[in-house]
Amino acid sequence: MSEQLRTISPIDGAVVVERPCTTSAELDTVLDRARHAQAAWRGFPIAERAELLGRAVDAFVSERDRIACEITLQMGRPIAHSPGEVRGFEERARFMIGIAADALADVPAPNPMPGFTRFIRREPLGTVLVISPWNYPYLTAVNSIVPALMAGNAVVLKPSSQTPLSAERMANAFRAGGLPEGLFQYVYLDHAATDGAVRDPRVDFVAFTGSVAGGHTVQQVAAEQFTGVGLELGGKDPAYVRPDADLEYSLDNLVEGAYFNAGQSCCGIERIYVQRGIYDRFVEGFVERTRHYVLGNPLDPATTLGPMVRTRAADRVRRQIADARISGARALIDEAEFPASRPRTPYLAPQVLVDVNHSMSVMREESFGPVVGIMPVDTDEEAIALMNDSPYGLTASIWTADADAALVLGGRLATGTCFMNRCDYLDPALAWTGVGNSGRGCTLSPLGYAQLTRPKSFHLKTATP
């Protein structure tokens, strides 16, 4: 394992964080401490857990300005947008805290005759290892951390090396909230050391958010110990615009859904299918709105599109665009309109591609950058077939005035979430889950507690002959 973690800002290439990596001996201590803390924590009443975690959320929110600035420095999101992640963390955390008592309540079973009591109890797993990504270091982690703690587990967080300060800020908040020592801890690990943590028998569940390749590795390693795994992976999220859609409203939301966070969102819009009768007007409006983005230093409040996380990521999107153009796609945005966009840097202009088809990777494989392909379709049938033509299935959106049609079409989509007239949003009251390469398991909503607990059945014969 490397001895030092170093975070390079995409803004200017400066080092913004340096931390020593967690040693094997330190990891051993962390896991022992977690097991000891969890043994006591599982006996805390849910109401007491809720009170302590509520205080922790209060403490976290009080640091919103500092946290937002650190997000921008570490991964390049415009400072005008970073505070939204603090708000989202608070929304999800408070919701999951608020539903815990009902979600974790005993499940009664019908008693066939007098003298029996039968029910199912949800018990904590033990220690949950949360492996979080850099693109939304708080919003992704909170999906598992707060419900894991509310369910009576201990949590060890392994943050991305790009956003390590997220772990420290959460630890500070949980400490301020009064959580017992050792219940929430974090570690800085490289890939090899992370594999070691996943296969450690003291880890009872792994909640991973990241790439498909990373998900495969985590699942393979965890299988050695039969450790449970939840995977939140990638997306190639489609949108379908029907002729009865509110065109201006659809454009405003789909453009933002494609370019927010420089397109670095697993549920961002990456491909759009538009009924042919409104296709030309839609493309014209999309291009016009795209040209209004301001690409530049994300610390400038006027910036609406920041750099990608690193040059390597931007170059991958550049290659995908170039490959599509070689195959016949037309790029409608001249990079010269965005002077900050420069080769061999993380700064990349937004791009709109037309004359695209599904032989091009830009329409089937995850881009994770500020590019979107737009295709005309003639029928609902054609749109559904194309939307399902991807190994991913995280979210999909239908833009229409006909709710009945949206329900029927949505029922035919291979996706974890189906939106009507909305996109790129996680509602904590709904299950967050995916199909295919978008992952397995479920977070958020009452169902999100299922993978963080194990059922135990009680069959009590209360009377004897």
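The table below gives the values:
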{"quantity": "Residue in the range 258-265 that is touching a Leu at 6+ places or on another chain (Cβ under 7 Å) and not assigned by TED's automatic domain parsing to the domain that holds residue 449 present", "calculated": "yes"}
{"quantity": "Scope the range 136-166; condition within 16 Å of the chain's Cα centre (by Cα) and either modelled with pLDDT under 95 or assigned to a helix (DSSP H, G or I) (or both); matching residues", "calculated": "139, 140, 141, 142, 143, 144, 145, 146, 147, 166"}
{"quantity": "Counted residues, the range 185-219 - those being in contact (Cβ under 8 Å) with a residue 40 or more places away in the chain, touching a Gly at 6+ places or on another chain (Cβ under 7 Å) and under 12 Å from residue 160 (Cβ atoms)", "calculated": "1"}
{"quantity": "Residue tally, condition part of a helix (DSSP H, G or I) and not small (Gly, Ala, Ser), over the range 243-284", "calculated": "20"}
{"quantity": "Output for the range 300-331, where each listed residue is assigned to a loop (DSSP other than H, G, I, E, B), buried (at least 17 other Cβ atoms within 10 Å of the Cβ) and not polar (S, T, N, Q)", "calculated": "306, 307, 308, 309, 310, 329"}
{"quantity": "In the range 388-418, residue surrounded by the most Cβ atoms within 10 Å (Cβ to Cβ) [restricted to those that are farther than 22 Å from residue 442 by Cα and touching a residue at least 40 places away in the same chain (Cβ under 8 Å)]", "calculated": "398"}
{"quantity": "Members of the range 387-401 found to be in contact with a strand residue (DSSP E or B) (Cβ under 8 Å, 6 or more places away or on another chain) and either in a loop (DSSP other than H, G, I, E, B) or farther than 21 Å from residue 253 by Cα (or both), listed by number", "calculated": "390, 391, 392, 394, 400"}
{"quantity": "Unique match (being on the phi > 0 side of the Ramachandran plot and without any contact (Cβ under 8 Å) to a residue 40 or more places away in the chain) among 328, 285", "calculated": "328"}
{"quantity": "Test: residue 221 is part of a strand (DSSP E or B), more than 21 Å from residue 431 (Cβ to Cβ) and either modelled with pLDDT of 95 or more or not small (Gly, Ala, Ser) (or both)", "calculated": "no"}
{"quantity": "Qualifying residue in the range 115-124 (condition: in the same structural domain as residue 72 (by TED's automatic domain parsing), of a type in the set (A, V, I, L, M), surrounded by fewer than 22 Cβ atoms within 10 Å (Cβ to Cβ) and farther than 23 Å from residue 309 by Cα)", "calculated": "yes"}
{"quantity": "Residue in the range 438-446 that is touching a residue at least 24 places away in the same chain (Cβ under 8 Å), surrounded by fewer than 21 Cβ atoms within 10 Å (Cβ to Cβ), over 15 Å from the mean Cα position of the chain (by Cα) and assigned by TED's automatic domain parsing to the domain that holds residue 113 present", "calculated": "yes"}
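The values are calculated or read from the model by the stated rules, or taken from the named source; none is laboratory data. Remember, it's a predicted structure, so these values are computed and weren't measured experimentally. Neighbour counts are summed over all protein chains in view; Cβ atoms, including those assigned to glycine, are modelled from backbone coordinates with ideal geometry.
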